[in-house]
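Notes to accompany the following structure.
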Amino acid sequence: MKQFKGLTNREKRAIYYRAMPDVWIAEVTGEKPWRKQTEILRALALHRRVAVASCNSAGKSWLAARAAAWFLANFYPAVVVTTAPTDRQVRRILWKEIHSLFNRAKRNGINLGGKLLTKSWEFTEEHFAFGFATRDYDPDAFQGIHSDNVLVIVDEAAGISESIWEGVMSVVRGQNAKLLAIGNPTNLSGTFYNAFTAKGWWTTHISAFETPNLQGKGIVIPGLITEQDIEDAREDWGEGSFLWQSRILGIFPDKVEDTLISLSWVEAAANQDFEPEGPVEVACDVARYGSDSTVFVARRGPLLIAGEEHTQLSTMETAGRLIDFVRRHNAMVVKVDAVGIGAGVYDRLKEVLRDVLVLEMNAGGTPIDASAYADAGTEWWHNLAKKLQAGEIGGRLFGDRRVMRELTSRRYRYLSDGRMKLETKEEMRKKGFKSPDWGDAIAMAYAGVKERPKINVRPVMDLTSASRWRR
């Protein structure tokens, strides 16, 4: 072959190993990856970003450890970084597997070299591997990683905070910079979840039912999931449950147990074809921080018809843009988040829009049902969840990727008095998530109010085909 012309046998073998990680593993350690592991390893050789959503006990960490050793042995100079949420996951699972591989190779007569420590493998200052727990690490440290060849392995990827993901993505930008993200699909938000619908990723799922020990041949590979494990899970969790979907089928569940809105509800709403009815109503969620967005949405009865997002606007600029949005959509009702900066927006709309009902909304205020909800915002979101679950509302905007992510990532808890309480935006920020501005605006749009004057309905434009949202 032309690409091999003039190369030594050693150089030819190196090129072959780079394309066939499973062959390198078999020759160095005597181990043979099972079918799905081989598929993933070869995908990593071909693609820059690989994401794997896996069931329990499918050999995830075994695979990650061998990917790390393969990359370090076949590219020079190279840096391999492994990470997982906790030190136990890094040290006792992934790096334990790396030590196991190193020892197996030695027993097979091959010394992989370097100085192998508890969570690092050192060759030279420019050729090394190390592991860390994300909960104990400064994400800014990623800025110091520079090499022609980089592999970042994110184990238990669903548990990695978004601030760490930002550091990871900043590293894997070179020509031969690769990323392997692998874990149980337990979180319906964040980078790992989004990878399965984003461009630039090679993705796959591992179901328990395709693993070696469930092919009717008994225990083929000790330590992998077994028929008995499946039966235990079926009895403990039930088929179709959140845990069954994520830990047995290796798929993202419809709804995480403490998130308010199921992904399947939102997907269904995006495909709902309602007839618009009644007056157009607009809701405005006003940005509170520099990184937040001000969002306007419009609905006509059950149909969400339009939305806009703006950043870095002054109070009067926000008011002006909102007035324009209201007039373009011929709205009869406007709900304004009138806390903080929003108070000035509300006051200005009251002055200008004399023929529109302008309602002052406060997510932190008293809910209509104060015995069930800790605040009005929680009531709005739960009301939205119930409407989505019942299939009562819809519109194309529900299919927007950011809208879907925000609606399905809001979590809740119950207070000691039995009232429901949403996870606060401050709590979300600590986890690395941005403010759910689109979600808040949509929840407000469908929210009930305590006292509502009657509206004289004037003719409205048919916006179902011409409506648009600007991003």
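The values are calculated or read from the model by the stated rules, or taken from the named source; none is laboratory data. Note that the structure is predicted; figures quoted are calculated from it, not measured. Reconstructed Cβ throughout: ideal geometry from the backbone, glycine too, with neighbour counts over all protein chains shown.
E309: under 22 Å from S435 (Cβ atoms) and surrounded by fewer than 22 Cβ atoms within 10 Å (Cβ to Cβ), yes or no?
yes
Within region 331-355, which residues are outside any loop (DSSP other than H, G, I, E, B) and within 25 Å of E277 (Cβ to Cβ)?
V333, V334, K335, V336, L349
Confirm whether Y346 is free of Cβ contacts under 8 Å to residues at least 24 places away in the same chain and of a type in the set (F, W, Y).
Criteria met by Y346.
Regarding region 190-211, can at least one residue be identified that is more than 30 Å from T378 (Cβ to Cβ), of a type outside the set (S, T, Y) and touching a Leu at 6+ places or on another chain (Cβ under 7 Å)?
yes
Here is a yes/no grid of residues against (1) surrounded by fewer than 16 Cβ atoms within 10 Å (Cβ to Cβ); (2) under 23 Å from the mean Cα position of the chain (by Cα); (3) assigned to a helix (DSSP H, G or I):
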{"site": "F130", "(1), (2), (3)": "no, no, no"}
{"site": "I153", "(1), (2), (3)": "no, yes, no"}
{"site": "R173", "(1), (2), (3)": "yes, yes, no"}
{"site": "P185", "(1), (2), (3)": "no, yes, no"}
{"site": "A198", "(1), (2), (3)": "yes, yes, no"}
{"site": "I219", "(1), (2), (3)": "yes, no, no"}
{"site": "L224", "(1), (2), (3)": "no, no, no"}
{"site": "A233", "(1), (2), (3)": "no, no, yes"}
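Which one of the conditions (1) without any contact (Cβ under 8 Å) to a residue 24 or more places away in the chain; (2) over 27 Å from the mean Cα position of the chain (by Cα) does G144 fail to meet, given that it meets all the rest?
Every listed condition holds for G144 apart from (2).
Starting from residues that are closer than 15 Å to A441 by Cβ and either acidic (D, E) or outside the structural domain of A441 (by TED's automatic domain parsing) (or both), keep the ones in region 369-424 and report whichever is surrounded by the fewest Cβ atoms within 10 Å (Cβ to Cβ).
Checked region 369-424; the qualifying residue surrounded by the fewest Cβ atoms within 10 Å (Cβ to Cβ) is D400.
Output yes when any residue across region 75-96 is at pLDDT 95 or above, in a helix (DSSP H, G or I) and either touching a Lys or Arg at 6+ places or on another chain (Cβ under 9 Å) or of a type in the set (A, V, I, L, M, F, W, C) (or both), and no when none is.
yes
Select from region 94-111 the residues that are surrounded by fewer than 19 Cβ atoms within 10 Å (Cβ to Cβ) and closer than 19 Å to W62 by Cβ and list them in ascending order.
Within region 94-111, K96, H99, S100, N103, R104, K106, R107, N108, I110 qualify.
Just to be sure before I move on: is V358 free of Cβ contacts under 8 Å to residues at least 40 places away in the same chain, assigned to a strand (DSSP E or B) and crowded, with 16+ Cβ neighbours inside 10 Å in the structure I sent?
yes
Could we say that L243 is touching a Gly at 6+ places or on another chain (Cβ under 8 Å), within 30 Å of F192 (Cβ to Cβ) and either assigned to a loop (DSSP other than H, G, I, E, B) or not hydroxyl-bearing (S, T, Y) (or both) here?
Against the criterion (touching a Gly at 6+ places or on another chain (Cβ under 8 Å), within 30 Å of F192 (Cβ to Cβ) and either assigned to a loop (DSSP other than H, G, I, E, B) or not hydroxyl-bearing (S, T, Y) (or both)), L243 does not qualify.
Against the definition (buried (at least 23 other Cβ atoms within 10 Å of the Cβ), over 21 Å from the mean Cα position of the chain (by Cα) and among the basic types (K, R)), how does K335 come out, yes or no?
Answer is yes for this residue.
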